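Working notes, structure below.
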Amino acid sequence: SAVSRQIKLLEESMDEQLIIRSSKKVILTEKGKALVKAISQFEEVTSELSSAQGHQRIRVGILHGLLENWFIKIIKEFSTTTEHELKIVTDTPKNLKQDLIDGKLDIIFTTENIQSDLITSLRLFEETLVLISKKDIDPKKADQYTWLTYSDSDFFYDLYKKHSSKIIEVKSITSIIKLVKEGVGIAIVPSHTIINEKVKTYDIKGLKRPQIHLSSLNFQSLPKYLRDFTQIVKNNA
């Protein structure tokens, strides 16, 4: 009787008969068959979503310089300790933040400490910046050399009031370092990007050291696969 009552309520809500009863059997109407099919598909999808917790693709957004150096060891440990997949993209901090909000990324690594209703950030480490060149130079006369910059907001512009007359912008930290080694110009880069590189380095004063943060959507509790990934990052920070 309880089942019959629920079926009746369902038929009333849809304003259409779903089953035809006789003394010997019950058969589904066309609308009833369509409803059963829809329910079966719903169960399959929810089952797939539930089982997918064991195997996920983690979408990571990161600054180019971090990816080419520091993040390599993260990828190595991740690949050997988990069954999940990684999709990694590089972009500007502004675009990475927007992609996180839009649901296109799960985690981003930038210099911005984002704390809002939507996003939360975890500080990982502080970068040390150095000025690099092929030969000995006078850092106080940096405007006399070609600047190799990553963008129009490069550290050079904050450090020196007088700008170089020749600036080459390259969207690759690796390429910038190679150009410095070729004697094309000078650059300001994070110290972790020049390990074992044969270049002259100069400490920089007067610039605020960038803080590297891991940012994600503001979950009450991170999904397990993101918690596992975050722990790997913390271990290598």
Heavy-atom accessible area of VAL45, protein chains in place, probe 1.4 angstrom, given in Å² to nearest 10, is 80
Scoring segment 150-233 by relative contact order with C-alpha pairs under 8 Å, at least six apart, yields a percentage of 25
Listed by chain and number, the lysines with an alpha carbon less than 25 angstrom from that of LYS224, same-chain partners under 8 positions apart left out, are LYS73, LYS76, LYS87, LYS97, LYS104, LYS234
CD proxy, 222 nm, the chain: helix-only mean residue ellipticity via -39,500 (n - 2.57) per DSSP H run with n ≥ 4, per residue, nearest 500, stands at -11000 deg cm²/dmol
Expressed per residue, the solvent accessible area of segment 106-154 in Å² (1.4 Å probe) is about 51
Tilt, helix 70-81 to longest principal axis of the chain (alpha-carbon atoms), in degrees rounded to tens, equals 40
Counting only protein heavy atoms with a 1.4 Å probe and every protein chain in place, the carbon and sulfur fraction of the accessible surface of the chain in whole percent equals 50
Partner aspartates and glutamates whose C-alpha sits under 17 Å from that of LYS161, ignoring same-chain residues fewer than 8 away, are ASP138, ASP143, ASP152
SASA check, LYS181, accessible area w/ 1.4 Å probe, all protein chains in place, rounded to nearest 10 Å², comes out at 80
The chain: relative contact order from alpha carbon pairs under 8 Å, six or more residues apart, as a whole percent, is 23
Computed over the chain: longest principal axis from alpha-carbon atoms vs helix 2-14 long axis, angle to nearest 10 degrees, is 70
Surpassing 21 Å at the alpha-carbon level, of the pairs LYS140/LYS200; LYS171/LYS205; LYS140/LYS205, are LYS171/LYS205
Expressed in square angstrom to the nearest 10, the accessible area of THR201 with a 1.4 Å probe stands at 80
For the chain, longest principal axis from Cα atoms; helix 224-236 axis from its Cα atoms; angle between them, nearest 10 degrees, is 20
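The values are calculated or read from the model by the stated rules, or taken from the named source; none is laboratory data. In this text, all values refer to a predicted model and were calculated from it rather than measured experimentally. Calculation scope for accessible area: heavy atoms of the full protein, side chains included, ligands and nucleic acids excluded. Shrake-Rupley method; radii C 1.70, N 1.55, O 1.52, S 1.80 Å.
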